[in-house]
Amino acid sequence: MSMTKKTQDELDRWSKEVKRGAVTLAILSLLSKKRAYGYEVVKLLDAKMKFLALEQGTVYPLLRRLEKRELLKSEWDYEDPAKAKKYYTVTQEGLKALGAMTQTWSVLSREMREVVNEVE
Amino acid sequence: MSSNDPLKLIEQYLDRVRVYLPLDSEDAIVELQTHLIEESERIGEGTMTAGSAMMAIERMGEPKSVANEYAGSGKKVGPVPAEYVNPVIRIIVVIVGIAAAFVIGASMLGVTLTQLLGTDIQNWPVSILIIIFLNIFIIIAIIGIISMFDREKPLTDKTTLETIFGLGVEGFKPKGRLDALGDLIMGIFWGILLMLPGMVVLYTTEFVNVYLLVVIFLFMGAIRGALFFVGGENNFNLAIEGILGIVWIAFAIVLFNIGWPLEDVYVYADGSWQIFPIIDFFQTPEILLSPLDWIWAVIMFVTVVVSVWRIIVSTMKITMYLRAGKAIWWQGNWGERRSLRTPLWKRILGEHDQFQKKEAEYYDGNTESEESQ
């Protein structure tokens, strides 16, 4: 079944809203397993989460915002001066937030599955 | 104009992003630079070419949007769209700062604003508002027309508007390390020179009373140079620069009133150095104001303008760094931009950058220039 323009617009709008919430959880989860610098995070998100498919320029500001909110901390690595890398790791505060978000996400996805199944 | 050098393309693109970012965003630029280099290498399967760099840049997106996401301004200030808030504020500060510096310098010389503008202002204050609005309208119209010709430019080429906004970035660039070294050397050189007995005999009676203060000031300027050379731009050095600026303005008022400081000068005549009474030479009844007084006034004016500008910039930057949570002293930056390319002197000595080496390791026989054609 082909999608009309209106349906496509609605899907785009909805996807954007879902992504906005999901990407913080995704980044915190990825970085809780191992530290990574901006480009690595972009590539990890690209490889593991096709749905998120974020604009490359938007991942960096998000990392910066999470750092400002003290959920992430960073450390510069100048080993290669032309390609200085800012490594991000999750803070204690970030881990607590991640735990709470993961729990909420599990409940939400279970409930959503049930609701959607009922409708189908 | 677009280049075939991938590193230059990345630098040009980042220069465009820099225009829209706040002053303290060098970290963001470095992060984006690393991303673009790694993405270009990935696209080029290990080799960075002009084509792969352009693709990486295009994937990153419009400099305005990237910077706006980074700066997180996301709000309008009056009629100014979010992405233009930073550059517009910066260029306004530059213009107001330069105007303030000139007005203070001119008022020191006793020149009034109306003399400066060449006419008396009629119908105050309505005429001023009308002039401002008319000028803003004309500027917007001109920029709008010029911008129409920029639409086809590649992502790495600055638009006309960005070139204008770029002046704001240049105005706030940290002091270069070589400039700081120059301040140090010249401060010591001039300080010692002014103290030499052979120089002191040339001074006017009034200047003899104050020349040691000038010497102390020059040595303090040298210390400021040394501090910037060692520590780059940080709050301590900026505070020193601001304080020295204030001291100089106060001091310049005294010096300006003292007038031309040299009673005599050395001239070489008849095979030897002789003392020539320069003030007496210019003191003729026909000359109302000696050219020496004019020269002195111009020198004082320029130094005051520079000092006012330094005070404005130091104050702004200290506020900015304090807001960013910085303390008093840290290893700051210098004004020289880190170039990704190998400097000319290294290339002459046969040293190449890591990217060129990498190209040699991975390449399959074609040259970069061949591929980009």
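The values are calculated or read from the model by the stated rules, or taken from the named source; none is laboratory data. Predicted model, so just to flag it, every value in this text is computed and none were measured. Using ideal geometry, Cβ is built from the backbone for each residue, glycine included, and neighbour counts are taken over all protein chains shown.
Among the residues of segment A:58-94, the ones that are charged (D, E, K, R), buried (at least 16 other Cβ atoms within 10 Å of the Cβ), outside any strand (DSSP E or B) and more than 9 Å from chain B (Cβ to nearest Cβ) come to 1 in all. Quick check, is B:GLY271 over 19 Å from B:ARG224 (Cα atoms), among the small types (Gly, Ala, Ser) and either modelled with pLDDT of 85 or more or out of contact with any strand residue (DSSP E or B) (no Cβ under 6 Å at 6 or more places or on another chain) (or both)? Yes; evaluated as a whole, the condition is true for this residue. Filter segment B:22-41 down to the residues that are crowded, with 21+ Cβ neighbours inside 10 Å and of a type in the set (D, E, K, R), then identify the one that is nearest to the other protein chains (Cβ to nearest Cβ). Per the stated criteria, the residue is B:GLU31.
Taken together, the residues in segment A:9-50 that are in contact with a Leu (Cβ under 9 Å, 6 or more places away or on another chain), within 14 Å of another protein chain (Cβ to nearest Cβ) and hydrophobic (A, V, I, L, M, F, W, C) amount to 6.
Collect the residues in segment B:42-71 that are in contact with a Phe, Trp or Tyr (Cβ under 7 Å, 6 or more places away or on another chain), assigned to a loop (DSSP other than H, G, I, E, B) and within 12 Å of another protein chain (Cβ to nearest Cβ), keeping them in residue-number order. Residue satisfying the conditions is B:MET48 alone.
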